[in-house]
Amino acid sequence: MKIQIEDLEFEKMIEQHAIETQIISIGAQINKEYEDRLPVVIGVLNGSFMFLADLVKHVTIPCQIAFIKLSSYHGAVNSSRKITEDLELKVDIKNRDVILIEDIVDTGNTLRYIVDKLKTMNPSSIMACSLLYKPQAMEHVIPELKHIGFEIENKFVVGYGLDYKELGRNLKDIYQLVN
Ligand code: IMP
């Protein structure tokens, strides 16, 4: 099925049920890895809101939830490389286990920026989960990135939290740009 968002056409790439299956699996791994710990789950807004909300329903161990807000695309289909910090982290993560939740890792610039910033706050550990990962676009080695829902081609995608010009975040499935 194809959809139109503003000037661009997108086609369905990942169905909602496939996303859910991956989320259940990532949730189960977090439950095992963080048993007897109290992690702080930090969502990177805006894109991660839907992934985080669905993932934490499958996290059965106690956890805290917080958000930071960054932007780097600014309405285009290529990363602008300039990261803007719109909302600072409001919890103290000193000596805490942090689970960072990203919608997508593209060049990796944003994740690199966040991991470096969080490290200055002296957490016990940082582990990152991203629903999507574009290995061909990645420009960094980030060992903290442990859980990935789907590796995808280097194509622009929308839906399930991800936007084009702030549209499409509410779609249940993920769509890729038709060239
Ligand atoms: P990176 O810094 O290049 O890894 O990009 C990270 C951020 O850019 C993500 O958190 C998204 O907000 C945005 N982004 C990257 N790729 C896409 C895409 O295909 N669709 C929508 N947003 C994207």
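The values are calculated or read from the model by the stated rules, or taken from the named source; none is laboratory data. Everything numeric here is computed off the predicted structure, so don't read it as measured data. Counting neighbours? That spans all protein chains shown, and the Cβs are built from the backbone with ideal geometry, glycine included. Calculation scope for accessible area: heavy atoms of the full protein, side chains included, ligands and nucleic acids excluded. Shrake-Rupley method; radii C 1.70, N 1.55, O 1.52, S 1.80 Å.
General observations
- Potential lengthening between residue 60 and residue 28 on full extension [0.36 nm per residue; Cα-Cα distance subtracted]: 10.7 nm
- Accessible area per residue, Å², the stretch 49-179 with all protein chains present, probe 1.4 Å: 48
- Peptide packing: for 127-140, 164-177, the average count of neighbouring Cβ atoms within 10 Å per residue gives the ranking 127-140, 164-177, highest mean first.
- Solvent-accessible area assigned to carbon and sulfur over the stretch 66-146 amounts to 51 percent, based on a 1.4 Å probe.
- Fraction of antiparallel bridges per DSSP, the stretch 1-131 only, in percent to nearest 5: 30
- Overall form of the stretch 1-152 per C-alpha gyration tensor (a/c, 1.5; a/b vs b/c): oblate
- Length gained on full extension, residue 83 to residue 3, computed as 0.36 nm times the residue gap minus the Cα-Cα distance: 25.9 nm.
- Relative contact order (%) - criterion: Cα under 8 Å, at least six apart; region: the stretch 95-156: 39
- Full extension of the chain between residue 91 and residue 72 gives 4.5 nm of extra length, using 0.36 nm per residue less the Cα-Cα distance.
- Considering only alpha-carbon pairs that sit under 8 angstrom and 6 or more positions apart, the relative contact order computed for the chain is 25 percent.
- Computed on the stretch 10-93, with alpha-carbon pairs under 8 angstrom and 6+ residues apart, the relative contact order is 26 percent.
- Share, in percent, of DSSP beta bridges within the stretch 58-170 that are antiparallel, nearest 5: 30
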